[in-house]
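Participant: The structure follows.
Where a number appears in this text, it was derived from the coordinates with a stated rule and is not lab data. These numbers come from a predicted model, not from an experiment. For neighbour counting, all protein chains shown are included, and Cβ atoms are generated from backbone atoms with ideal geometry for every residue, glycine included.
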Amino acid sequence: MEKLDWIEVAKRLKFEQHKSWTQTTREMKPFFPELDEKQLWEKIRTALRQTEEYQTKGKVTFEDKKEPTAADVDAFYDLLKKTNAAIMQTESKQTSATITVDDDKPIALAFWGDWHIGCKGVDYEMLDRDAEIIRTTEGLYVFGMGDYKDNGSALVHPTSTQDSVATTDMQDKIVQRKFELTADKHIVTIRGCHDDWDKRNANKDFIQSLCDITGAVNLWHGGIVNLTVGQVEYRIGARHKFKFESSLNTTNSQRNFINENGHCDIVAVAHKHFAEFEHARKMGAETVFLRSGSYKRYDEFGQKLAGYEGIYGVPVVILFPDRRELLPIRDLPRAVEILGKLR
């Protein structure tokens, strides 16, 4: 190109096409390949500021206006996708899991939750007794059902800290210690609503810290577990809580869980602080609906609501490796006694 023409080209870009100084500089690069972008920017601006077009009264010129291009947006989007992929690669929460227990003898699943450590009115002696039973029983495994700590927070409920007898950091330490003592028993751990306050207030996944201790699956707010015992696969639905709760039909939530997710051999929930079973046939197959109870017996909120107190219960279901059979037992010590005889 003839360098003698470059000012006319630059004038058209700047004053007719209204391009920014940066855009004009980039399009003028072929005229001066020996100059870097800053040098060329200065050369063009110096020349054009002497022209009549530039000096016309009332002319508005943006000398350093930033104007991202479509290519800039595309580049950012590509980076966004790579960043998201890297983040998801480190994500451990899941809503389904496949687990195998290699055993030719019956095993038992204990649905253990609503400890509410750190709160006034918790039956800590019963919790310690159950932890020792679980720790020492061969063939017994745990589904953690959530709300392991009370975790009172004024950021969520203004009065929730009034029954706290331990600070939240000490509650963390105690819960983690309990999980350490029973580490090899935990295969699934679910987040409860009180545990979820950590996520809400500080983007902290306390459940993952527990799974790091035990090696259990972080089942997030709950989901489906396909558990193979020996030659038999059992399908288990477990959540801390699920929609469709009813005070008249207390297993309505579990029943609607299979309506939405398909048949499960076991559907387990927690949250309401009372323990129960329903052993029935649903969708043409044997099904156990259960709810785990709570160690929080003295309950200010429950009393205010309707005179409720927390009802203890660690429901257990015995599974068989050579045939599809479910043996639900409400009482943990009784379940351990039966499991011992079956094994």
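Participant: Given +1 on the Cβ of Lys and Arg, -1 on the Cβ of Asp and Glu, and no further charges, what dipole in debye does the chain carry about its Cα centre, rounded to the nearest 20? Don't skip to the end; give the middle numbers.
Facilitator: Values: 49 positive and 54 negative charges, 142 e Å.
Taking the Cα centre of the chain as origin, the dipole is about 680 debye.
Participant: What are the trypsin sites (Lys or Arg not before Pro) within the range 228-266 that DSSP puts in a loop, where the Cβ has at most 10 other Cβ atoms within 10 Å?
Facilitator: Taking the range 228-266 and a limit of 10 other Cβ atoms within 10 Å, the loop trypsin sites (Lys or Arg not before Pro) found are LYS243.
Participant: Which chymotrypsin sites (Phe, Trp or Tyr not before Pro) in the range 231-275 sit in a loop by DSSP (not H, G, I, E or B) and have at most 15 other Cβ atoms within 10 Å of their own Cβ?
Facilitator: Numbers: sites: TYR234, PHE242, PHE244, PHE257, PHE274; in loops: PHE242, PHE244, PHE274.
Passing both the DSSP loop test and the Cβ count: PHE244.
Participant: Still on this model: Which one, (i) 1.20; (ii) 1.04; (iii) 1.60, gives Cα Rg over 2.2 N^0.38 Å as derived from the coordinates shown?
Facilitator: This structure yields the entry labelled (iii).
Participant: Turning to a different aspect of this structure: As a check on your grasp of the helix formula, calculate [θ] at 222 nm for the chain: sum -39500 (n - 2.57) over DSSP H runs of n ≥ 4, divide by the residue count, round to the nearest 500. Spell out each step's value before the answer.
Facilitator: Values: 12 runs with 123 residues, N = 343.
Rounded to the nearest 500, it is -10500 deg cm²/dmol.
Participant: Could you state the number of Å between the C-alpha centres of the range 174-223 and the range 306-326?
Facilitator: The two parts, judged by their Cα centres, are 21 Å apart.
Participant: Report the extension gain between GLU16 and PHE76 in nm, rounded to one decimal, defined as 0.36 nm multiplied by the number of residues separating them, less their alpha carbon distance. Intermediate results must be reported in sequence, preceding the final value.
Facilitator: Working: separation 60, 0.36 × 60 = 21.60 nm, distance 3.01 nm.
Full-extension gain reported as 18.6 nm.
Participant: Ok, one more. Can you tell me which of 23-34, 288-299 comes out highest on packing, and rank the rest after it, using the mean Cβ neighbours within 10 Å?
Facilitator: Values: 23-34: 15.1, 288-299: 23.4.
Ranking the peptides 23-34, 288-299 by packing returns 288-299, 23-34.
Participant: Right, something else. What whole-number distance in Å separates the alpha-carbon centres of the range 19-47 and the range 329-343?
Facilitator: Between the Cα centre of the range 19-47 and that of the range 329-343, the gap is 83 Å.
Participant: Still on this structure: Mind telling me which of VAL269, VAL175, VAL316 comes out most flexible in a GNM of the chain, alpha-carbon contacts under 10 Å?
Facilitator: VAL175
Participant: If every alpha-carbon in the range 221-343 counts as one equal scatterer, what log10 I(q)/I(0) does Debye give at q = 0.11, 0.16, 0.18 1/Å?
Facilitator: Ignoring solvent entirely, the Cα scatterers give -0.40, -0.81, -0.99.
Participant: Which stretch or stretches of the range 293-322 have amide N atoms under 16 Å from the point lying 7 Å from TYR124's Cα along the Cα→Cβ direction?
Facilitator: 295-298
Participant: What is the sum of charges around PRO328, taking Lys and Arg as +1, Asp and Glu as -1, for the other residues whose C-beta is under 12 Å from the C-beta of PRO328? Can you show the working numbers first?
Facilitator: Numbers: positive: ARG291, ARG330, ARG334; negative: ASP265, GLU276, GLU278, GLU286, GLU325, ASP331.
Spelling it out: positives minus negatives among the neighbours equals -3.
Participant: Excluding same-chain residues fewer than 8 positions from LYS204, which lysines have a Cα within less than 25 Å of its Cα?
Facilitator: Straight-line reach from LYS204, under 25 Å: LYS81, LYS82, LYS93, LYS120, LYS149, LYS173, LYS178, LYS185, LYS241, LYS243, LYS272, LYS296.
Participant: Can you tell me which lysines have their Cα less than 28 Å from the Cα of LYS11? Leave out same-chain residues fewer than eight positions away.
Facilitator: LYS3, LYS19, LYS29, LYS38, LYS43, LYS57, LYS59, LYS65, LYS66
Participant: How tilted is helix 252-261 with respect to the longest principal axis of the chain? Cα atoms for both, answer in degrees (0 to 90, nearest 10).
Facilitator: Taking Cα atoms only, the helix is inclined about 50 degrees.
Participant: For the chain, build the charge dipole from Cβ charges (+1 Lys, Arg; -1 Asp, Glu) around the Cα centre, then report which of HIS263, GLY222, PHE242 sits farthest towards its positive end.
Facilitator: Positive-most Cα among the choices belongs to PHE242.
Participant: Still on this structure: Using only Cα atoms, locate the centre of the range 238-267 and the centre of the range 83-141, then give the distance between them in Å, rounded to an integer.
Facilitator: 20
Participant: Sticking with this one: So what's the angle, to the nearest 10 degrees on a 0 to 90 scale, between helix 37-48 and the longest Cα principal axis of the chain?
Facilitator: 40
Participant: Further question on the same structure: If packing is taken as the average number of other Cβ atoms within 10 Å across a peptide's residues, how do 6-17, 81-92, 217-228 rank, most packed first?
Facilitator: On the way: 6-17: 16.1, 81-92: 9.2, 217-228: 20.3.
Packing order, densest peptide first, comes out as 217-228, 6-17, 81-92.
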